Amino acid sequence: MNQLPLDPADGGGRFPGFDVIAQSGHWDRATQSVVGSRLGLLPHVRFFTPEEEVVARALFDQILDQREEPRVPVFNMVDVRLAEQQTDGWHYESLPADAEAWRRSLRALSDDADARHGVGFADCAWEQQSAILDAVQKRGDDDWHGFPASRVWSLWTRYACTAFYSHPWAWNEIGFAGPAYPRGYKNMGVDRLEPFEVRDIRPHDDPARRDS
Amino acid sequence: MGRVEDRNQSAWLLLPDGSRPEPRLRDQMRRFADDDEVDLVIVGCGAGGSTLLQRMARAGWKVVALDAGPFWEPETDWVSDEAGSHHLYWEEPRVIGGSDPVPLGSNNSGRGVGGSMVHYAGYTPRFHPSDFHTRSLDGVGADWPFAYEDLKPYYSDIENELPVAGEDWPWGDPHSYPQRPHPVSGNGELFMRGADAEGITAKVGPVAISNGRFGHRPHCIYRGFCLQGCKVNAKASPLITHIPDALDHGAEVRADSMVSSIEIDERTGRATGVHYIQDGRSRFQRARMVAIAGYSIETPRLLLNSTSKRFPDGLCNDFDQVGRYLMVQGAPQTAGRFESEVRMWKGPPPEVSTEDFYETDPSKPYKRGFSIQSVSPMPIAWAEHVMAQGHWGAALRHYMSDYVHWASYGALCEFLPQPDNRVTLAEETDRHGLRVAKFDYSQCDNDRQLLAAAQGVMERILTAAGASEVITIQRFAHLVGGARMADNERDGVVDGDGVTFAVPNLLITDGSVLPTQGSANPALTIMAVAARAADRLIRRKG
């Protein structure tokens, strides 16, 4: 398994056959071990309570549009970080420290779901969940359950993307060749590829242009 | 001046294969006892602290440098991976506030021997002569206690020690570099193409990445992970450019030692040493002199946490100057979409820059200016660019799938020093029970005008190079100030030699002493200012 499910209409399958892990024999040991650990079994859940876990899993599925297996185990990766207090080295004055901010914001998300639909966030339909999150994002700097919505949004998306885009399956999806030591690169320059890189088969698939 | 190897042997003190410093340097390192009164104890082993350490050890001083973080072994401790490099940053808690809060950690804060130069990109431009007297010249910012000419020989010394590679530099005080410019990747190639079409001068460099073998240090392999620590030992950081020579001349580096306060003799008013915590134990290192080099957040925090009868509001804080005038540069990054594949992660992020917009332009409503440089975000950083456009879910994944097609440039805007942009102490404490730093930041109108102007120029360059779309993310870069140099104690914390006004045997030798920041990356200037302070200290002894 080296590809995540992603519809070609949503940017899937642009780099056919590309597999970063196939190159891992060229990496140094320290890097092999760090990246390799993301593909193995992750530790038991230590930080989130079972109630928080249900909400957090649904939240991460939404942020990264992971609707089916196989998934990058974003929930478990974030749990590891929070259990090990691996923060970003700062938190906004308007939010508590990350651990507490996570617990309180997940509770607030549950409250929103309950108020709107009378069920927990994870038990809402996919579109209902999306709409709840969309409303949080659109609040911008306005208050959301006692916090500036933009700061909570930043917390959620930072942790989610750091986990997802550290995973080799996500790298395969975006054509990123990953670690490059001690081999380095020989073919630098516009449109110049290394023998192990795979060219985008849909170079016209510019999502910015499609939006407009 | 003279030959580098006669002044600083560091590059020749690596093993012949360049893989690491000679193990004997650490195995047989001199170790002082806590009750030895060393000549100088330095707090922090980054750009400023390591340079001072090496200079003083060479001068025969008994000197020890403490660092809160580890003494790195790059081959085993560092990885070619974004998320796996978190331990390079200052991850202890800090609180950020103000109307424009500045994220810390990976963005600007190091921890461990080598400091944040371990994960800086490697750009090492000089400040311009105008940066040293912006108050007289432009009516904004501050004047330094000394001029560019006073720092010039130290710039040249450090450029040769790192060493710096780049084209002949036409801006500021025109100068050349000891090494030829590196070849550029697709990202840099498009920068040159777009700038040329717009009539903007762009040059390759200046980067402290060895172009060719230097001493025993190997050539760059263009793997692109400069911000994750250079495992190759091609990119300069004090860990390989100054620490080896310091150890070889009898200095001690005491890692994993968090300094909690500076001790002051209530009778003489002089510093007597530093309290620090190592392996859970509280210890005290006696010293004849103390130098603080903890950078713009930790240096003010340490001063504020060092209270005594003489200094109830924090050490050297008689005039409420500690922590003030802290600066960051406005660093918006603008990216452009190309039909071709750019694969901007290949090659070092620092490649090409322009300083055409660095100085005050009398035709513009704002003072001072900005520089523009190539940057090349890795996937996690790139996801932040995409999310900054408001995308998440399916749109985020789709945008990210387009990564190979984007080129990205960053501006460094000279935000002005303001008294309320400062470090204070938060109520929150760290695991040692020490109050953590709170950093407030708010932009002024001039700052906001620079951001808009810089974004406009980046969009011009990208569009002229052929980009079909451009997107911009607002961010900040670098830290300087917080314990600035001044002519007198009412305007700053230290004099032009880095000596604190309040305590005659206490120095500050890091980026926090800079009164202005220009539009230049600060590492080279921090090292040059520390080298100058060392020189002055050596001459004063006796």
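Answer with yes or no whether A:Ala160 is more than 7 Å from chain B (Cβ to nearest Cβ), part of a helix (DSSP H, G or I) and open to solvent by less than 10 Å² (accessible area, probe 1.4 Å). Yes.
Would you say B:Gly347 is open to solvent by less than 20 Å² (accessible area, probe 1.4 Å), within 14 Å of another protein chain (Cβ to nearest Cβ), of a type in the set (Gly, Ala, Ser) and in a loop (DSSP other than H, G, I, E, B)? When the stated conditions are applied, B:Gly347 passes them.
Would you point out the residue of the range B:150-204, among those that are within 29 Å of B:Gly215 (Cβ to Cβ) and of a type in the set (Gly, Ala, Ser), that is nearest to the other protein chains (Cβ to nearest Cβ)? By that ranking, first place goes to B:Ser185. Scanning the range B:137-166 for residues that are open to solvent by 50 Å² or more (accessible area, probe 1.4 Å) and over 23 Å from B:Gln54 (Cβ atoms) yields B:Leu137, B:Asp143, B:Glu149.
Counting residues that are touching a His at 6+ places or on another chain (Cβ under 8 Å) and touching a residue at least 24 places away in the same chain (Cβ under 8 Å), which strands (runs of 3 or more DSSP E) fully inside the range B:257-325 reach at least 2? So that I can check it myself, show each step before the final result.
Numbers: elements: B:257-264, B:271-278, B:281-292.
So the answer is B:257-264, B:281-292.
For A:Val136, the stated conditions hold: it is within 14 Å of chain B (Cβ to nearest Cβ), aliphatic (A, V, I, L, M), touching a strand residue (DSSP E or B) at 6+ places or on another chain (Cβ under 7 Å) and touching a residue at least 12 places away in the same chain (Cβ under 8 Å). Inside the range A:21-56, can you point out the residues that are within 11 Å of chain B (Cβ to nearest Cβ), crowded, with 17+ Cβ neighbours inside 10 Å and under 18 Å from the mean Cα position of the chain (by Cα)? Result: A:Val34, A:Val35, A:Arg38. Taking each residue of the range B:1-23 that is over 26 Å from B:Tyr155 (Cβ atoms) and looking for partners that are open to solvent by 60 Å² or more (accessible area, probe 1.4 Å) with beta-carbon atoms closer than 7 Å, six or more apart or interchain, yields B:Ser19/B:Glu75; B:Arg20/B:Glu75. When the range B:369-412 is examined, which residues are found to be part of a helix (DSSP H, G or I), at pLDDT 95 or above and over 16 Å from A:Phe164 (Cβ atoms)? Listed by number, the residues that qualify are B:Val404, B:His405.
Given the condition outside any loop (DSSP other than H, G, I, E, B) and either hydroxyl-bearing (Ser, Thr, Tyr) or under 30 Å from B:Glu91 (Cα atoms) (or both), answer yes or no: does some residue in the range B:137-149 qualify?
Yes, the range B:137-149 contains at least one residue that is outside any loop (DSSP other than H, G, I, E, B) and either hydroxyl-bearing (Ser, Thr, Tyr) or under 30 Å from B:Glu91 (Cα atoms) (or both).
Take the residues of the range B:116-132 that are under 10 Å from the mean Cα position of the chain (by Cα) and part of a helix (DSSP H, G or I): which is farthest from B:Trp144 (Cα to Cα)? That would be B:Val118. The set of residues from the range B:260-295 being farther than 14 Å from B:Gly44 by Cβ, of a type in the set (Ser, Thr, Tyr) and open to solvent by 30 Å² or more (accessible area, probe 1.4 Å) comprises B:Thr268, B:Thr272, B:Ser282.
If you check B:Gly314 against the conditions, is it open to solvent by 10 Å² or more (accessible area, probe 1.4 Å) and touching a helix residue (DSSP H, G or I) at 6+ places or on another chain (Cβ under 7 Å)? Walk me through how you get there before you give the answer.
On the way: open to solvent by 10 Å² or more (accessible area, probe 1.4 Å): no; touching a helix residue (DSSP H, G or I) at 6+ places or on another chain (Cβ under 7 Å): yes.
Judged against the criteria, B:Gly314 is not a match.
The test for being within 27 Å of the chain's Cα centre (by Cα) and buried (at least 22 other Cβ atoms within 10 Å of the Cβ) does not hold for B:Ala388. Can we say A:Val119 is β-branched (Val, Ile, Thr) and surrounded by fewer than 17 Cβ atoms within 10 Å (Cβ to Cβ)? Answer is yes for this residue.
The values are calculated or read from the model by the stated rules, or taken from the named source; none is laboratory data. Bear in mind the structure is a predicted one, so any value in this text is a computation, not a measurement. Cβ coordinates were reconstructed from backbone atoms using ideal geometry, including for glycine residues, and neighbour counts include every protein chain displayed. Side chains are part of the model used for accessible areas, which takes the heavy atoms of the whole protein and leaves out ligands, DNA and RNA. Shrake-Rupley method; radii C 1.70, N 1.55, O 1.52, S 1.80 Å.
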